[in-house]
Every structure is written in C-alpha cells, then in structure tokens.
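S.K.: Before we start, here is the structure in question, set down as structure tokens.
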Amino acid sequence: MKNTYSTAKICPYVPPEGEKERSLVKQKDCNLTLEPDLYRILTKSRNYNELVHVWKSFREAAGKPIREKYLRFVDLSNEAARLNGFSDTGDMWREAYESETFEMDLENLWQQLRPLYEHLHAYVRRRLIREYGSDKIREDGPIPAHLFGNMWAQSWVSLLDITQPFPGKPSVDVTPVMEAKNLTALEMFKMSEEFFTSLGLKEMPEEFWKRSLIEKPKDREIICHASAWDFCNGKDYRIKQCTDITMEDLITVHHEMGHIQYFLQYARQPNVFREGANPGFHEAIGDVLALSVSTPKHLQSIGLLDEVADDPEGDLNFLLRTALDKVSFLPSGYLIDLWRWGLFSGDIKPEEMNTKWWDLRLKYQGICPPVKRTDTDFDPGAKYHVPGNVPYIRYFVSFIVQFQFHKVLCDAAGHEGPLYKCDIYRSIEAGQILSQVMELGSSEHWSEAMKIMTGGATNKMDAGPVLEYFAPLLDYLQEQNKNEFIGWKSNDSTICP
Ligand SMILES: [Zn+2]
C-alpha cells in the first residue's frame, strides 16, 4: 500500500483547444510525482481545470488501487488488537494517551477552536471567489477541496498571495529569498541545528550528518514523505527528506529535527520508555521552535527577510500566514482518525467508507470534492498516513499543545508583549524546560510531563494559548466577515454544490 502511494505517477494536464497553455510543469510523459511535481503545481497553478486534473488523477493513482488491500488490513489489524485485549485497532491506538476522557476532550477542544476556523474559512472563501468566480464557489457553501494549494486542503499557506490582508507590506513568505540566496538543504538543516544548540540543547551526532538523506535521489525511487529515525544504538539517528528549498520545507526541517532531539534526550531511558510523553508531544517539539523561527524578527536576524513591517498591518499579514498553516490544519488533523476509528470499530461499514469520509470532510473542514465521489473511490488512501498506517490524532494534539509549550517557554525566556511576537532563540531557560520534559521519554504519564512543562499550571490539553495567539487575527476576521455567511450549507457531501 505504501509503495502504491509513494510511486504514484500521473499525466500532465492537457488544456482543451482554445485554452491558453499555462501549466508550470513542462513535461509530456506521464511521470509526474507527488514530491516535487504535484506539490509545485498545486502551490503555483491557479488554473481551475488543471487543479481538478491533478487532484483527481492522484486519487486514482494512489488511493483507489489499495481499497481492497486496506479492508483486508483492517481485518488483520483488528484481529491482532483483539488478541492483545483491545476491542479494535482504534482502541489500541488511543491507549497511547491513557485517558478515559480522550475522545470527549478532543471534541471539546475542537468546539472551542471552531469559531476561529469558521472565520478563517469564510474569509478565504471570499478571496477564492474573487479568484475563481461565484459560478465555481457558492457564497454560503463549502470550498472545493482542490483550490487550497495543498493535496489534502490541510495547509493553506500557498494562498498567501491572494489572502494577505495588506499586500503592500513586505511579504512574510521567505521562499523567494531562499531561492535567491541559493540556499541548500544542508544549510537549512544546519540552521535548524543552530537553533536547538542556542537553547542549550544537543547538537546532531556525526552519524546523523553522514547517514541522513536530505535530498531526493536521482537514481532511484524512495518514499519521499519526511521522517526521522532512531536506530536505538545511541549514535545512529537519521532524517529522510526530499527537501525542497521553500519556507514550508524549512519548517518541516525543524519538525523532523525536533524528533531527533527527542530521541537524543531520552536515549538513556530503558527502551520501553524511549517514546514521547504521548505521540503528540513528539510531534510538537520541532514545531514549537518553528513558531519562533518564523517570526519576522527572527527571519530578519538570520538574513531571510530584508525588511520587517513592525506595525499592526504587518502583524496581521504574519498572523494570517501562521493561521493558514496552523488553524487550517485543525479539522483535518482531527477527522482522519475519527474516520479510521469508525472503520476499525465497525461504525463505518466498508461499503460506505468513502462517503463517510466526505461526510466528515464536509462537517469539520467545510470542503467538498470538485468531481463526484462514490464508494468505489478510496480517497483516504491518497493520504500518506493511511497506507503508511501512522495514527494521525497525534498531529491534532500537537497543534494544541505546541501553543501551550510556546507560551510557557516564552514566559521562561522573559518575553513581554503578544504571544505571536515571541522568539525563544538563545534562551537557556526555555531549553532547560524542554530537555526536562524530553528526558523523561514516556516514563511518566503525559499529564505529569505537562505539569513539569507548565510549572504546575495544568496537566491537561488546553486550547487557550491557540486562541490567545490568534486573538488579534480573529478580531480582524470578524470585522472583514461581517457581511459573510459563517459556516457552510450543502445537501450532498460527495460533490460540490
Ligand atoms: Zn513528525
């Protein structure tokens, strides 16, 4: 299943007679790959039909062919889970969080964040209508899933150019500068390492630099989905990433380096405890650092921004960019495992599994498929973590707790002013808190780790810091959206209205 996904290739878009050739990838053969070809088309193309083509073809190549295999896998995996005393695989996965109220807590967190998401959704929908026309997107409807600049509509940063509140201000997207400077993948990794060591955290061991794979090889096919590996011998740690020279990938570099840092920190624990306090903690470490790295002031200090607009308008541009990455992700990070838990438990029947997938996509994300979907399609299969069998709720948890961690570390670093302006660079105090928590591995319940992290303030997940971070943006969006319909209506989740 993983190989089908990773080696999926599609044909380039052929414009119909009369349509101006605008495709960005000049290639005639049917060997466009997800990374980098489809990523590039999705982020840069604004040709509605080309985007439909890419969106649909990838699902046909990567998802549909593994439908039967996946159902067989669900049976086998459930059988194994039951032999281990769980009611099904979803039950087994949730065990990692050791909480009786986990599912209810997640739903409550989502309900707290939903108004922020819906305002971002309404604002982006208006900008997309301006770009593509009201014949393509209804003013009170869900948004077609292929227009977000991302294969899964889960990060919307590629829409920054058409959604920036104040386009006249210096851009907070540093990709063009990275290109102009001819930055290399290695330099991006060194930059990230330097941030970790500035906090007094560990540098990467020699083996890491020798054995990691940080550029897409030209001579063979590999699984490009970025990952970090602990070889459990105390010296061999590696990252595999087909690094593209973009701001998004610079953030991903920090994300993966966060995993390696966690591996290094808990290396002295017995093997059984060499895990994150919970899987969401493991996903959060690198992202926490990236929250500092992506502030305009920090980007300027490392030479990736010339000018910083230090005024409310510049701040809103920055906050919107961050929201297009973090807030847009929340419902999609939540629903992927809602769907899998349902399938594992039998609440979702195999013959309706694609329809149910789109019910969730509509309900939580407010998106719809640009072409009719049926139950012979298998769209969840075109998301890496499904064929790769990686539980996903960890990312939702991570996106909540990383803001909790950010707030605590900013306090420790002596930051004053709004949370979104904080940069913990060079704060040994912040680094100490991080290493205290990481050293524990999973030897304590994560609620204990949360207590240590927050200096005793809480032992729970809390959406408060996310809301605090984005508060000025929410005010702005509410004002901008005063004539908009908030939310979405649709009678059929399997096709855009
Ligand atoms: Zn990760």
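S.K.: Around Lys297, what is the net charge, scoring Lys/Arg as +1 and Asp/Glu as -1 over all other residues with Cβ under 10 Å from its Cβ? Present the calculation step by step, with values, prior to reporting the outcome.
M.R.: Values: positive: Lys421; negative: Asp310, Asp423.
Surrounding charge for Lys297 is -1.
S.K.: Dipole of the range 1-93, Cα-centred, from +1 at each Lys and Arg C-beta and -1 at each Asp and Glu C-beta, to the nearest 20 debye?
M.R.: That gives the range 1-93 a dipole magnitude of about 300 debye.
S.K.: Hey, what's the chain come to in accessible area per residue, 1.4 Å probe, Å²?
M.R.: Working: 20820 Å² over 497 residues.
Spelled out: the 1.4 Å probe surface of the chain, per residue, equals 42 Å².
S.K.: Quote to one decimal, in nm, the extra length available between Ser227 and Asn491 on full extension: 0.36 nm per residue of separation minus the C-alpha distance between them. Each step should come with its number before you reach the end.
M.R.: Values: separation 264, 0.36 × 264 = 95.04 nm, distance 3.92 nm.
Length gained, Ser227 through Asn491: 91.1 nm.
S.K.: From Cα pairs below 8 angstrom and at least 6 apart in sequence, can you work out the relative contact order of the range 244-304, rounded to a whole percent? Kindly include the intermediate steps, with their values, before the conclusion.
M.R.: On the way: 37 pairs, mean separation 23.0, N = 61.
Computed over the range 244-304, the figure is 38 percent.
S.K.: OK, next. When only C-alpha pairs under 8 Å and at least 6 residues apart count, what is the relative contact order of the range 36-173, in percent? Walk me through the intermediate numbers first.
M.R.: Values: 75 pairs, mean separation 37.3, N = 138.
Reported relative contact order: 27 percent.
S.K.: Rounded, prolate or oblate: which one fits the range 378-428, using the alpha carbon gyration tensor with axes a ≥ b ≥ c (rounded when a/c is under 1.5, else prolate when a/b beats b/c, else oblate)? List each step's numbers first, then the result.
M.R.: Numbers: a/c = 3.93, a/b = 3.47, b/c = 1.13.
Prolate, because a/c is 1.5 or more and a/b exceeds b/c.
S.K.: Oh, and also: Going by Cα centres, the range 160-199 and the range 443-497 are how many Å apart?
M.R.: 25
S.K.: Expressed as a whole percentage, what fraction of the accessible surface of the range 414-474 belongs to carbon and sulfur atoms when a 1.4 Å probe is rolled over the protein heavy atoms?
M.R.: Here carbon and sulfur together make up 48 percent of the probe-accessible area.
S.K.: Moving on to the next point. Please report the relative contact order for the chain, taking Cα pairs under 8 Å with a sequence separation of at least 6, and give it as a percent rounded to a whole number. Provide the component values of the computation, followed by the final result.
M.R.: Details: 764 pairs, mean separation 112.1, N = 497.
Computed over the chain, the figure is 23 percent.
S.K.: Still on this model: What is the percent carbon and sulfur in the accessible area of the range 316-373, measuring with a 1.4 Å probe over the protein chains and ignoring ligands?
M.R.: It is 54 percent, rounded to a whole number.
S.K.: Positive end of the charge dipole of the chain (Lys, Arg +1 and Asp, Glu -1 on Cβ, about the Cα centre): tell me which of Phe231, Ser447, His415 has its Cα farthest that way.
M.R.: Projecting each Cα onto the dipole axis, the largest value belongs to Phe231.
S.K.: Using θ = phi - 60° and the Karplus form 6.51 cos²θ - 1.76 cosθ + 1.60, what ³J(HN,Hα) does each residue of the range 415-427 get, whole Hz, x for Gly and Pro?
M.R.: Here the 3J(HN,Hα) series is 5, 10, x, x, 4, 5, 8, 6, 10, 8, 2, 6, 8 Hz.
S.K.: Which one of Ser345, Asn317, Ala290 has its Cα pushed farthest toward the positive end of the charge dipole of the range 264-346, where Lys and Arg give +1 and Asp and Glu give -1 at the Cβ?
M.R.: Positive-most Cα among the choices belongs to Ser345.
S.K.: Mind ordering 179-187, 409-417, 195-203 by average Cβ neighbours within 10 Å, highest first? Please list the in-between numbers first.
M.R.: Working: 179-187: 13.3, 409-417: 16.8, 195-203: 18.3.
Ranking, from highest mean packing down: 195-203, 409-417, 179-187.
S.K.: Taking R0 as 60 Å, what FRET efficiency do you get between Asn483 and Asp236 from their Cβ-Cβ distance, rounded to the nearest 0.05?
M.R.: Values: r = 58 Å, r/R0 = 0.97.
With R0 = 60 Å, the Cβ-Cβ based efficiency is 0.55.
S.K.: Å³ per residue of the Cα convex hull, for the range 63-110? Write down the numbers at each step before the final one.
M.R.: Working: hull volume 4.6 nm³, N = 48.
Taking the convex hull of the Cα positions in the range 63-110, it is 95 Å³ per residue.
S.K.: Moving on to the next point. Please work out how much length the chain gains when fully extended from Ile302 to Glu60, using 0.36 nm per residue of separation minus the C-alpha to C-alpha distance, in nm with one decimal. Display every interim value, and only then the final one.
M.R.: Details: separation 242, 0.36 × 242 = 87.12 nm, distance 4.25 nm.
Gain on stretching Ile302 to Glu60: 82.9 nm.
S.K.: Kindly identify the range 361-497 as rounded, prolate or oblate by the Cα gyration tensor criterion: order the square roots of the eigenvalues as a ≥ b ≥ c, call it rounded if a/c is under 1.5, otherwise compare a/b with b/c, prolate if a/b is larger, else oblate.
M.R.: On the way: a/c = 3.12, a/b = 1.54, b/c = 2.02.
Because a/c hits 1.5 or more and a/b fails to exceed b/c, the range 361-497 counts as oblate.
S.K.: Ok, one more. Once both labels are modelled 7 Å past Cα along the beta-carbon direction, what's the Ser345-Ser447 spacing in nm?
M.R.: 2.1
S.K.: If you place +1 on the Cβ of every Lys and Arg, -1 on the Cβ of every Asp and Glu, and leave all else neutral, what size is the dipole of the chain about its Cα centre, to the nearest 20 Debye? Please list the in-between numbers first.
M.R.: Details: 57 positive and 73 negative charges, 248 e Å.
Roughly 1200 debye, rounded to the nearest 20.
S.K.: What fraction of the DSSP beta bridges in the chain is antiparallel, stated in percent and rounded to the nearest 5? Intermediate values should be presented prior to the final figure.
M.R.: Numbers: 6 of 9 bridges.
Once the DSSP bridges in the chain are tallied, antiparallel ones form about 65 percent.
S.K.: Which FRET efficiency value, to the nearest 0.05, do you get for Val14 and Asp135 by plugging their Cβ-Cβ distance into 1/(1 + (r/R0)^6) with R0 = 22 Å?
M.R.: Values: r = 23 Å, r/R0 = 1.04.
Taking R0 as 22 Å, the efficiency between Val14 and Asp135 is 0.45.
S.K.: Using 1/(1 + (r/R0)^6) with R0 = 56 angstrom and r between the beta carbons of Lys210 and Arg72, what's the FRET efficiency to the nearest 0.05?
M.R.: Values: r = 40 Å, r/R0 = 0.71.
It comes out at approximately 0.90.
S.K.: Sort 274-282, 99-107, 8-16 for me by packing, meaning the mean count of neighbouring Cβ atoms within 10 Å per residue, highest on top. Don't skip to the end; give the middle numbers.
M.R.: Values: 274-282: 23.1, 99-107: 14.1, 8-16: 16.6.
Those peptides, ordered most packed to least, come out 274-282, 8-16, 99-107.
S.K.: Which three semi-axes in whole Å describe the equivalent ellipsoid of the range 197-312, each the square root of 5 times a Cα gyration tensor eigenvalue, listed largest first? Provide the component values of the computation, followed by the final result.
M.R.: Values: eigenvalues 146, 77, 31 Å².
Ellipsoid half-lengths, sorted descending, are 27, 20, 13 Å.
S.K.: If we count every other residue with Cβ under 12 angstrom of Thr175's Cβ, Lys/Arg +1 and Asp/Glu -1, where does the sum land? Working shown, then result.
M.R.: Details: positive: Arg40, Lys44, Lys181, Arg321; negative: Asp161, Asp173, Glu179, Asp244, Glu248, Asp249.
Charge balance in the 12 Å sphere: -2.
S.K.: Let me ask something else about it. Quick one: pull the percent of accessible area on the range 175-237 belonging to carbon and sulfur, 1.4 Å probe, ligands and nucleic acids left out.
M.R.: Numbers: 1860 of 3680 Å².
Heavy-atom surface of the range 175-237 belonging to carbon and sulfur, 1.4 Å probe: 51 percent.
S.K.: Please label the shape of the range 36-156 as rounded, prolate or oblate, based on the square roots a ≥ b ≥ c of the eigenvalues of the alpha-carbon gyration tensor (a/c under 1.5 means rounded; beyond that, a/b larger than b/c means prolate, else oblate). Working shown, then result.
M.R.: Numbers: a/c = 3.26, a/b = 1.52, b/c = 2.14.
Judged from the Cα gyration tensor, the range 36-156 comes out oblate (a/c at least 1.5, b/c at or above a/b).
The values are calculated or read from the model by the stated rules, or taken from the named source; none is laboratory data. This is a predicted model, so every value here is computed, not measured. Backbone-built Cβ (ideal geometry, glycine too); neighbour counts: all protein chains shown. Quick note on the areas: whole protein, heavy atoms, side chains included, nothing else; ligands and nucleic acids left out. Shrake-Rupley method; radii C 1.70, N 1.55, O 1.52, S 1.80 Å.
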